[in-house]
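Beneath this line is the structure, given in structure tokens, with notes to follow.
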Amino acid sequence: MPDRFPPTAYRMTPRLCTLPAGTALWRCHSSKRPAEAFNPVAADSHFGGNRFDGTPEDPYPFLYAGSEPATALAEVLLRSLAFDTDSGIRLVPRAWVVGRSLTLLRTRVDLRLIQLLSEEDLAAVCQDSWLLEAEGAGYAQTRRWASELRAQVTEAQGMVWHSRRHRPRRAVVLFGDRCGQDPLKPDPGCGTTDLGAPAGSALANRLLAPLRAAVIPGKSR
């Protein structure tokens with residue numbers, strides 16, 4: 001587990017790939033924010049936050065998305081969620097989808113990403129699967145690695161890896177300070193789905209069913 005030394009101890013040679021303009025990215029996001037808006041709130045350096053968030057030491061806006069709609073849902077709703085012993089299903093509390101939406105975005109420009117898809121990709125950044133598997137308190141360290149990768153590869157506009165909760169589909173994080181103005185736009189032919197509405201929850205359940213997960217139904221009135 002390469003978390004024993006600070007990332008500055010290593011000289012890395014990350015592999016880069018291009019995310020072409022027009023690429024579809026799905027985002028599960030707060031309904032209060034536009035789907036294409038980057039999160040400007042830096043995570044605490046030691047507590048909370050997500051895997052590759054910006055921090056006060058490196059306060060970049062960030063945006064997470066998935067290659068498929070189920071990927072976007074799984075990355076947000078299935079974190080550390082255990083299977084129910086009675087039903088064998090991962091039961092998503094309804095409160096987790098209220099106030100959230102699912103939106104299809106399209107990239108407006110080519111984006112250069114650090115590729116973390118294979119063991120060779122991870123070795124190129126002096127890492128192994130720990131970088132993508134660590135949870136909870138480990139996020140403080142994975143955020144530090146992301147910051148060092150940004151420092152060593154200044155042309156990188158984000159990173160791509162296999163979703164931990166929907167392999168082998170891909171998850172991405174984009175760095176808002178490097179992607180230019182308006183790098184993403186909602187797909188006009190798809191619209192936004194309110195996951196807290198009955199139709200939205202039904203859609204979420206259809207997408208999550210192959211992953212043995214479902215949103216707990218709300219109380220009928």
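Laboratory data are not the source of any read-out in this text; all were calculated from the coordinates shown. In this text, all values refer to a predicted model and were calculated from it rather than measured experimentally. Cβ sites come from the backbone with ideal geometry, for glycine too, and all protein chains shown count toward neighbours.
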List every residue whose amide H lies under 5 Å from the amide H of Asp110, counting only residues 5 or more places away in sequence or on a different chain, with H placed 1.01 Å from N in the peptide plane. Ala21
Taking placed amide H atoms and a strict 5 Å upper bound, the residues 5 or more places from Arg90 or on another chain that come that close are Asp84, Ala213, Ala214
Calculate how steeply helix 198-208 sits against the longest principal axis of the alpha-carbon atoms of the chain, using the helix alpha-carbon long axis, and give the answer as 0 to 90 degrees to the nearest 10. 50
Each residue of the range 13-24 in order: what ³J(HN,Hα) in whole Hz does its phi give by Karplus 6.51 cos²θ - 1.76 cosθ + 1.60, θ = phi - 60°, with x for Gly and Pro? 10, x, 8, 10, 9, 10, 8, x, 4, x, 5, 7
Based only on other Cβ atoms within 10 Å, what is the fewest-to-most ordering of Ser31, Ser163, Ser80, Ser118? Ser80, Ser118, Ser31, Ser163
Quote the convex hull volume per residue of the range 120-164, based on C-alpha atoms, as a whole number of Å³. 78
Going by amide H atoms built from the backbone, whose H comes under 5 Å of the H on Arg15, apart from near neighbours? Gln115
Estimated vicinal HN-Hα couplings, Hz - the range 133-149 in sequence order (Karplus 6.51, -1.76, 1.60; Gly, Pro = x): 9, 4, 10, x, 4, x, 4, 4, 6, 5, 5, 5, 5, 4, 5, 5, 4
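In cubic angstrom, how much convex hull volume per residue do the alpha carbon atoms of the chain span?
Values: hull volume 28.7 nm³, N = 221.
Value for the chain: 130 Å³ per residue.
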Percentage relative contact order, the chain, counting C-alpha pairs under 8 Å, at least six apart: 32
Note, the range 188-196: 3J(HN,Hα) by Karplus (6.51, -1.76, 1.60, θ = phi - 60°), whole Hz, Gly/Pro = x, goes x, x, 10, x, 10, 9, 7, 5, x
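Around Leu211, with a cut-off of 10 angstrom between Cβ atoms, what is the net charge of the other residues, counting Lys and Arg +1 and Asp and Glu -1? Working shown, then result.
Details: positive: Arg90, Arg165, Arg212; negative: none.
It works out to a net charge of +3.
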